[in-house]
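The values are calculated or read from the model by the stated rules, or taken from the named source; none is laboratory data. Quick caveat, the model's predicted, so the values are computed rather than measured. With ideal geometry, Cβ positions are generated from the backbone for all residues, glycine too; neighbour counts draw on all protein chains shown. Ligands, DNA and RNA are excluded from the accessible area calculation, which covers all protein heavy atoms including side chains. Shrake-Rupley method; radii C 1.70, N 1.55, O 1.52, S 1.80 Å.
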Amino acid sequence: MSTDNTDPVIIYTDGSCSKNPGPGGWACIILHGTNQYALSGGEPETTNNRMELSAAIAALTAVSERKELKEQHIIVHIDSQYVKNGINTWISSWKKNGWKTANKTPVKNKDLWCRLDELNTSLNIQWKWVKGHAGNKYNEWCDSLATAETAKFK
């Protein structure tokens, strides 16, 4: 088990939903040095966006609970523009506007956005978009795990 404390923590995440709403699953892979951790879960009635958020939250929660990981630079590879844009751009306006969108409607999934924001501000995170279903080994692995979680509720 070899890790270098200067190695970044690399995370891949994905969410899945059959119908929308419907049964869903999420998955994340955490890489640090030569160590790999995979986590997954799901819900019987959810949406794809909730599962994408849940995957990121699960990964960052796991990192934040590990002393040797939480101080590291973290790179999150995510195929959800919704989550990437939400956490990097939209969330500051949502908070300033009392959790209302630009259209003055309530932000969907506020509970998950609040938790993700808490994690995002407490850790050193860089968010990177990765194209889904494009042959990226870890994105494909996450997709398989999330899809398997979704299938448990069918």
Are there any trypsin sites (Lys or Arg not before Pro) in segment 86-142 that are in a DSSP loop and have at most 11 other Cβ atoms within 10 Å? List them by number. Lys104, Lys131
Taking the alpha-carbon centre of each part, the distance from segment 111-139 to segment 20-82 in Å is 7
Which percentage, to the nearest 5, of the DSSP beta bridges contained in segment 1-145 is antiparallel? 65
Determine the dipole magnitude for segment 1-142: charges of +1 sit on the beta-carbon of Lys and Arg, -1 on that of Asp and Glu, nothing else is charged, the reference point is the Cα centre, and the result goes in debye to the nearest 20. 640
Accessible area of the chain divided out per residue, in Å², using a probe of 1.4 angstrom: 52
Taking Rh as the Kirkwood radius, which is the inverse of the mean 1/r over Cα pairs, what is the Rg/Rh value for segment 90-132? 1.03
At q = 0.12, 0.18 Å⁻¹, what is the log10 ratio I(q)/I(0) for the chain, with the Debye formula run over Cα points and no solvent? -0.49, -1.06
Cα gyration tensor of segment 58-109, axes a ≥ b ≥ c as square roots of the eigenvalues: rounded (a/c below 1.5), prolate (a/b > b/c) or oblate? prolate
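DSSP loop GluC sites (Glu not before Pro) in segment 1-105 with at most 13 other Cβ atoms within 10 Å of their Cβ, which ones?
Passing both the DSSP loop test and the Cβ count: Glu65, Glu71.
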With the crude spin-label approximation of a point 7 Å out along Cα→Cβ, what separation in nm comes out for Lys128 versus Lys19? 3.8
Show me the helices of the chain, taken as full DSSP H stretches, that run 20 Å or more along their long axis by Cα and average 0.0 or above in Kyte-Doolittle hydropathy. 48-64
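Just the number, please: carbon plus sulfur as a percent of the accessible area of the chain, 1.4 Å probe, no ligands or DNA/RNA counted.
On the way: 3940 of 7960 Å².
Answer for the chain is 49 percent, counting heavy atoms of protein chains only.
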